[in-house]
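Laboratory data are not the source of any read-out in this text; all were calculated from the coordinates shown. No experiment lies behind these values; they were computed from the predicted model shown. A quick note on method: Cβ atoms are made from the backbone with ideal geometry, for glycine too, and the neighbour counts reach across all protein chains shown.
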Amino acid sequence: MLRLVTFGSLWIADDEQGRLPLPEKALLALVYMMVEGEEKLPREHLARLLWSGDPEAAKTNFRKMIERVRKCAASGWRLPMESSTLNVKLTGLPVDADFMLFSADPAGYDQLRTASKLLTLRFLDGVDLPSALKSWAETQRERHWSGLRDLLLAAAAAQDRQDLPLIKEVAKQLLERHPDDMAVQEVLVETHRRQGGTTPRLPALPGRPELAALTDAAIPPVQVMSELPRLVLLAPTGIDDRASYPAHALLEDITISLCSLRTVAVVAPYTAERIRSHPDKLAQLETHAISYVIDTRLGPDGLFVQMIFLPSDSLLWAERFHLDPNLLVSHRKQVAQMVVEAINHHLRRSEAILADYRAQPEVYRSYLASSQHLNKFTLPDVRRARNAFRETLKMRNDFAPALAGLSRTYSWEWVLTARGDGELLRQAEQVAQRAVTLEPELASAHRELALSKLYIGDVDHSLEAFDRAEQLSPHLADAVCGYADALVHASKPSEGLAKIEKAMALNPICPDDYFWIAAGASYFLGRFDAAIGYIERMEDPSSARRLLAASHAMAGDMAKARIHRRKAQELNPHFDVDKWLSVLPVREQWQKDVYREGLLKAGF
């Protein structure tokens, strides 16, 4: 028996001899003939299909391919096809091709499961398709999805209770591709209901009746792939643990309800799991053309849900839900409805920014790439970010998020160089103010304006701007982080430490500046060991060497203090304690005194 694999790759193997060394074009010809039910086709016809362009060149390439096939046969391989002077024909050897599953009569659970698994891969994926076969291949892919739909509807009609979990997962898989398929939506909601789940109802959209109003007579055929924005729900890690069952059930209710929305295409769970587990999550999100991310985290204080507009990395909404296992069953429907209504509300509110992204996707991609440089708090990375933001602004000079990012690079360079360069802060303030003027509701713009004012020494106006940023986006971790920094400089290190701990809870995988701010707050509270611990958590602690040296000195470890003082001086040999403290924007003198004490003890 020969086995032909066409999903995810293209190869054929003999159960006894192993994989056949046939050229890819020969395998394409085999697939085409089997799919079309052609036992024999003219060589000239196949040559035109397999090679575009000059017909004579196609004939030459075809002859070379046939010669390779004949060499395989001469070497003792059993082949599924052979060629004569005029034609290519199938030899009659039995071939088990994976795509044949979709043309077979429905045969229950195993067939549905296998078909669903196949369609997590792509038909003829990675194959260099000639132009004449590209549209043909797309037609086959749609037929496969249509076949999976037929298998799903047949399984749903059979009403076998043991099939319900699979039916639900396949329905989600189909709705990712065709979110407007109301028949599949009906199967999903009904299956979820039969399993004891709840599905919050949202107000009917204008011209779009609720799912419950459907009748069998209203079931439409499979529609073409939607241009709706794509949304992925990232479940918390460990969500399948028995202890997390209430959260798992709630997330399932939310997922089913999102699949019933007509404003977004929900990414299937298997794709979401790949994205969650992949080390480069951002690249995966871009690969799968995701516009919205619903990120969830499970902790001792409940379930945290946040909604992110990925193209600009903007936090649209976030909320924490306390999950009491004893009460959740009765309140699950209400909690799920709150979540789904919030998501639906922000989908509508973000329609303008979504349209803007679709009109200029290259601007948003450039902005995201620029922002990545700010994950490290070092001078080279800050300058790379500045150059990248400038490139973004060349594409669109009024793009407020990029202006906010550019402002941050000036503020951070002022801190990292420790030279008291007022021009950097003037530029930071000017650029941030322009971002605020262009987009008054952009929290990051107010955050950067606040940061520039903080370092200028205008602490009161800085606190006002940070407060405005937090009002606009109370769960934006970077805004909370900046507010914490301002409180520390306002001689309120205890409040600042509480704020930065909140920011870390909102953003568990946080950039280095979070740890630096936490270390500074701890230092001014006299918690020198804690300050050292925060700095040691930085991916690159080089920018915090001065504070680290001072902390070790105040903790009594002079040997380590001297080591880190030498490393700090290597990075910035022109650092002057008195000059830096003279421009350090703190409200009360005691902070300068305690910092001076640590720096002098360390040997600066």
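Things worth noting here:
- Enclosed volume per residue, in Å³, of the convex hull spanned by Cα atoms of the chain: 217
- Normalising the average separation of contacting C-alpha pairs (under 8 angstrom, six or more residues apart) by the number of residues puts the relative contact order of the range 360-474 at 20 percent.
- Rg of the Cα atoms in the range 129-170, relative to 2.2 N^0.38 Å, amounts to 1.63.
- Cβ-based net charge around Pro380, under 12 Å, with every Lys or Arg adding one and every Asp or Glu removing one: +1
- Per residue, the convex hull volume that the Cα atoms of the range 360-474 enclose (Å³): 93
- With K and R counted +1 and D and E -1, the other residues having a Cβ less than 13 Å from that of Leu584 yield a net charge of +1.
- About the centre of its Cα atoms, the range 514-604 shows a dipole size close to 140 debye [charges on the beta carbon of Lys, Arg (+1) and Asp, Glu (-1) only; nearest 20 debye].
- Residues of the range 347-384 with amide N under 16 Å of a point placed 7 Å along Cα→Cβ from Arg537: 377
- Using the Cβ of Ala58 as centre and a radius below 13 Å, the other residues enclosed give a net charge of +3, where K and R count +1 and D and E count -1.
- Quarter of the Cα convex hull surface for the range 514-604, i.e. its orientation-mean projected area (nm²): 5.3
- Relative contact order of the chain, defined on C-alpha pairs under 8 angstrom at six or more residues apart (%): 7
- Cα long-axis angle, helix 422-438 against the chain (0 to 90 degrees, to the nearest 10): 50
- Going from the residue with the fewest nearby Cβ atoms within 10 Å to the one with the most, Thr120, Thr191 rank Thr120, Thr191.
- Selected from Ser83, Val95, Ala465, residue furthest toward positive end of dipole (the chain; charges at beta carbon): Ser83
- Residues Trp412, Trp590 in ascending order of nearby Cβ atoms (within 10 Å, fewest first): Trp590, Trp412.
- Counting all C-alpha pairs of the range 419-574, share separated by more than 28 Å (%): 23
- Cα coordinate range in the range 52-117, projected on the principal axes (Å, largest first): 49, 33, 20
- Candidate cross-link partners of Lys601 among the aspartates and glutamates, defined by an alpha-carbon separation under 15 Å and a same-chain spacing of 8 or more, comprise Asp557, Asp576, Asp578, Asp593.
- Only helices enter the 222 nm calculation for the chain: every DSSP H run of n ≥ 4 contributes -39,500 (n - 2.57), and dividing by all residues gives -19000 deg cm²/dmol, rounded to 500.
- A Förster radius of 25 Å, combined with the Cβ-Cβ distance separating Asp529 from Ser582, puts the computed FRET efficiency at roughly 0.30.
- For the range 428-473: relative contact order, % (alpha-carbon pairs under 8 angstrom, 6 or more apart): 37
- Inter-probe distance in nm under a simple model that places probes 7 Å from Cα toward Cβ, at Thr139 and Leu121: 2.4
- Unit Cα scatterers, Debye sum, the range 2-113: log10 I(q)/I(0) for q = 0.21 Å⁻¹: -1.20
- Inter-probe distance in nm under a simple model that places probes 7 Å from Cα toward Cβ, at Ala352 and His278: 3.2
- Peptides 334-342, 433-441, 570-578 ordered by average Cβ neighbours within 10 Å, highest first: 334-342, 433-441, 570-578
- Listed peptides 361-370, 145-154 by packing density, highest first (mean Cβ within 10 Å): 145-154, 361-370
- At full extension, Leu571 and Arg78 could sit 170.6 nm farther apart than now, given 0.36 nm per residue minus the alpha carbon distance.
- Tensor-based shape of the range 330-375 (alpha-carbon gyration tensor, a/c under 1.5 rounded, otherwise prolate or oblate): oblate
- Antiparallel %, DSSP beta bridges [both residues in the chain], to 5: 75
- Fully extended contour minus Cα-Cα distance, from Glu501 to Met100, at 0.36 nm per residue: 138.7 nm
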